[in-house]
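Notes for the one structure printed next.
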Amino acid sequence: MTGNRLVLVINSGSSSLKYRLLDPDSGEVRASGQVERIGEPSSEVPDHDAALRRAFDTLASDGIDLHACGLSAVGHRVVHGGMTFYRPTILDDAVIAQLEELSELAPLHNPPAIRGIEVARRLLPGVPHVAVFDTAFFHELPAAAATYAIDRELAQTWGIRRYGFHGTSHHFVSGRAAEFLGRPVGELNQIVLHLGNGASASAIARGRPVDTSMGLTPLEGLVMGTRSGDIDPGVFGYLARAAHMSVPDIESMLNHRSGLLGLAGERDFRRLAEMIESGDGAARLAYDVFIHRLRKYIGAYLAVLGHTDAVSFTAGIGENDAAVRRDALAGMGELGLVIDDRRNSAAGDGPRRVSTDDSPIAVLVVPTDEELAIAHDCVRALSR
Ligand code: ADP
């Protein structure tokens, strides 16, 4: 072990906690794991405190003592930075108090992250803890893309604008795509499609984001595992009046019981594919709605960018599902996107091209690595 250089990255969700201990310089992963089903009735892990202790116990049984392994920082993924936080931020009591205030904006996501931060600071008091925000990369969205066309004063009072999420991933993937193409990121116009349980698209012009599909919350945009994505806001009022649903009921339905799960009873894309194979009509429709929405965003972002150099697919579905990539871009030859079927269906690990050599726009698969990007951000924050 040479000096203090490892970073522990912690990603606390509402019912799971993922961690990775890594060397930010080499990217080498020393240990990683996750604790699931936090707080669920039959679970042995009642809360985030217990989850983090369990993670540390697992590390200890693998021979890793976090107090003596050369830990230089703990990086925490925080979903919503609001208007306040758009740079990696060293956590102290005052910052945590400000994060608590933002919980109203992201009630599903920020509170578990704050719990994770509090517990981790208590268990590892000797190292700096850094918050890295999912919204940060999109802080510079142009006003025309960030602004909702609603009452201006109301929007200003309540901070209602499009913040965008998955920023760490969109930033990382656009950088890796540029490296792969051997061009400076500042010279390229790119579309990044992050398709995992949560899904989002972004348009990036010469290294800066110019549009993204998620908005005030991660509910807007593409069809996701359990979230609706774009929906007529009129549905909200209609359900309240006609079905007598409360605000929490409607929000819960849109966040937890919509998307692929709502349409097909299944949120996992691999199992959805199996259901389609076996002739399940609801699964087929869910897939078709997912693809249709994705194609609309690709078309929109080609128009927003005017000229596009690369379209990159990333995250669980984007990296692994060749059919999704094929169907998302089918018939877009005249728009400059031509998939090479053999390349698209070939397996691979790193960044790779799946378009034909003469496709005017390069279509790439670029594996995302949010933990590595968070670790890099930590190092940058500490060297400022
Ligand atoms: P998150 O990090 O948002 O939880 P991931 O990026 O891990 O999600 O993506 C999870 C999704 O990716 C799931 O729907 C899963 O079924 C899908 N996925 C993972 N591997 C494959 C694969 N080989 N083929 C198709 N879909 C896959």
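Some values worked out for this structure:
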item: Looking only at the range 14-68, and only at residues there that are within 19 Å of residue 378 (Cβ to Cβ) and acidic (Asp, Glu), the one that is most open to solvent (accessible area, probe 1.4 Å); result: 25
item: Matching residues, the range 315-338, being hydrophobic (A, V, I, L, M, F, W, C), open to solvent by 30 Å² or more (accessible area, probe 1.4 Å) and more than 16 Å from the ligand (Cβ to nearest atom); result: 330, 335, 338
item: Residue list for the range 88-110, filter: farther than 18 Å from residue 157 by Cα and within 17 Å of the chain's Cα centre (by Cα); result: 88, 107, 108, 109, 110
item: Residue in the range 297-314 that is open to solvent by 20 Å² or more (accessible area, probe 1.4 Å), modelled with pLDDT of 95 or more and within 16 Å of the ligand (Cβ to nearest atom) present; result: no
item: Residue pairs meeting the criteria (Cβ under 6 Å; at least 6 apart or on separate chains; first under 20 Å from residue 318 (Cβ atoms), in the range 254-270; second within 10 Å of the ligand (Cβ to nearest atom) and open to solvent by 80 Å² or more (accessible area, probe 1.4 Å)); result: 260/267; 261/267
item: Check on residue 207, among the small types (Gly, Ala, Ser), at positive phi, away from the ligand (no atom under 14 Å from the Cβ) and open to solvent by 10 Å² or more (accessible area, probe 1.4 Å); result: yes
item: Helices (runs of 4 or more DSSP H) fully within the range 92-208 counting 2 or more residues that are closer than 27 Å to residue 70 by Cβ; result: 93-102, 110-123, 167-181
item: Whichever residue in the range 239-270 is surrounded by fewer than 13 Cβ atoms within 10 Å (Cβ to Cβ) and assigned to a helix (DSSP H, G or I) and, among such residues, is farthest from the ligand (Cβ to nearest atom); result: 241
item: Pairs, first over 15 Å from residue 134 (Cα atoms) in the range 193-210, second at pLDDT 95 or above and aromatic (Phe, Trp, Tyr), C-beta under 7 Å, six or more apart; result: 193/313; 195/313; 203/301
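The values are calculated or read from the model by the stated rules, or taken from the named source; none is laboratory data. Given the structure is predicted, the values throughout are model-derived calculations rather than measurements. No Cβ is skipped: glycine too gets one built from the backbone with ideal geometry, and neighbour counts run over all protein chains shown. The area values use the complete protein model at the heavy-atom level, side chains included, leaving out ligands, DNA and RNA. Shrake-Rupley method; radii C 1.70, N 1.55, O 1.52, S 1.80 Å.
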